[in-house]
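Take a look at the structure set out below.
Coordinate-derived values only; no laboratory data. Here the structure is a predicted model, which is why all the values come from computation and not from measurement. Cβ sites come from the backbone with ideal geometry, for glycine too, and all protein chains shown count toward neighbours.
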Amino acid sequence: MKSTYIIIAAVVVIIIVIGGVFAYMSLSSTSTPSPTPTATATATPIHSPTSSPTSSPTSHPTSSPTVTPTPTPVPTPTPTISPATLNGAGGTLVAPLMSVWQPAYQQVTPQITVNYNPVGSGAGITQFTQQVVDFGESDAPMTAAQYSALPSGTTALTIPISASAVVPAYNLKLVNGSACQNGLNFTGTVLANIFLGTITTWNDPAIQALQSPSVAAQLPATAITTVHRSDGSGTMFAFVDFLGKSSSTWLSTVGASSTSPSWPSAPAQIAAPKNAGVAGAISTKDGAIGPLEIAYILENTGQTSVFYGTVQNSAGTYVLANVTNIQAALDAGASVGLPAGNASWTGTSIIDNIYGNTTATTVYPIVTMTYALVYQTQNSITQGAAIVNFMSWIVNSGQNLGTGLGYVPLPANIVAVDNATLKLVTYNGTAILH
């Protein structure tokens, strides 16, 4: 009986154990779905707000303000440029530099072609006035009469773009048969008397007195032939301006500040067109003398018979023109008194501004600026933008390209005047350059 109780107890224990196992398995099975609602609840709210609200505001507001304002300001410091051809005409003084500027500019702005016709300052102003060119150029400021001849309702802007010197160029064989080299001394008074025809031979005492004894002894009795331009010329303007300051006789008989002066009837005289004509006449005539732009001499070194002399400045120094003393003259002469670009530049003269400066020992006294002429109101945005871009490049990037030819960079105050002037150019009432 006792063993029966033992067996029954063992069976009960086994049943309890088996029941516990099944109970545990049942609880495990029931708790498995618990992570599912958590995962579902987490996935839905996190995925949905991150995808929609974040993507939408980032995509639209950021993209729209960045893309739209950038192309809107068409007039910028470098205006939007379309393919264009610019035609200009004017003085021969700047022609050598313009021939350097043209290809250099086209390298950086290939869509614009610039043509320049060196017809002389007078003819350049005429073509500009007649509006047959996009820009004019003059090596002398416009006169009051030229301003009056502009088309009704137009305003001409004056933009100094460079400066250079005018030198007394000559061809002279000395007594010993050699060519007289660079450095023969001249004063404004002697030059005036040569072109007035009162000094007629190279061994005149007035010329000899300016030289060293050894040079004076070699000056021959050769007759002097004066050479000047037959066309209106800024080179002649500068030379005549200097002679008018130096000689009261010249001022009273010929005048000053003229691109086409009434030249006195010297005993021997040649008139020739452009710098090339003057240089050609000097090179073929022993005893000839005439005013030439220094860049022309430096560019045409093959004309070995043409040399140039020193000119005495107001400090009493004889100065042979070079980039350094031309720059000194420009810096001194353009430091004050420049008009606004849309004002009249008649009477503006570096020569006048430095002539009385007796302390400026290093300046070369016959220096002139060269001016671009542009209409303030442009009839075409394409041409107007091209003109502004080209002039801005000249003023701000092209200034150092002419030093080897005797052209000097504009000082900072003239660059500032020019940049302010370029902002006055308009199309349809709006400034092209902002």
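Structure values in brief
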{"item": "Overall form of the range 190-342 per C-alpha gyration tensor (a/c, 1.5; a/b vs b/c)", "result": "rounded"}
{"item": "For GLU293, GLU299, order by how many other beta-carbon atoms lie within 10 Å, fewest first", "result": "GLU299, GLU293"}
{"item": "Inter-label distance for GLN130 and LEU251, nm, one decimal - labels placed 7 Å from Cα along Cα-to-Cβ", "result": "3.6 nm"}
{"item": "Local electrostatic count, GLY277, Cβ distance below 13 Å [Lys/Arg +1, Asp/Glu -1]", "result": "+1"}
{"item": "Distant-in-sequence amide H partners of SER230 (H built 1.01 Å from N, under 5 Å)", "result": "ALA272, LYS274"}
{"item": "Stretch gain in nm, segment THR154-ALA209, where the contour uses 0.36 nm per residue and the Cα spacing is subtracted", "result": "14.5 nm"}
{"item": "Label-to-label distance, nm, for residues given as THR362 and TYR147 (7 Å Cα→Cβ offset)", "result": "3.5 nm"}
{"item": "Spatial separation of Cα centroids for the range 75-132 and the range 311-354, in angstrom", "result": "25 Å"}
{"item": "Separation of alpha-carbon centers, the range 162-202 and the range 246-272, rounded to whole Å", "result": "16 Å"}
{"item": "The range 253-334 - Rg and Dmax from Cα coordinates, angstrom", "result": "14.7, 39"}
{"item": "Distant alpha-carbon pairs in the range 73-434 (separation over 37 angstrom), percent", "result": "19 percent"}
{"item": "Added length on full extension, which subtracts the Cα-Cα distance from 0.36 nm per residue, VAL415 to ALA104", "result": "110.0 nm"}
{"item": "Estimated vicinal HN-Hα couplings, Hz - the range 282-290 in sequence order (Karplus 6.51, -1.76, 1.60; Gly, Pro = x)", "result": "5, 5, 9, 10, 4, x, 7, 8, x"}
{"item": "Å³ per residue enclosed by the Cα convex hull of the range 94-160", "result": "101 Å³"}
{"item": "FRET E, pair SER344, ASN182, Förster distance 35 Å, beta-carbon r, rounded to 0.05", "result": "0.40"}
{"item": "Å³ per residue enclosed by the Cα convex hull of the range 347-434", "result": "116 Å³"}
{"item": "FRET E, pair THR382, ALA271, Förster distance 60 Å, beta-carbon r, rounded to 0.05", "result": "0.90"}
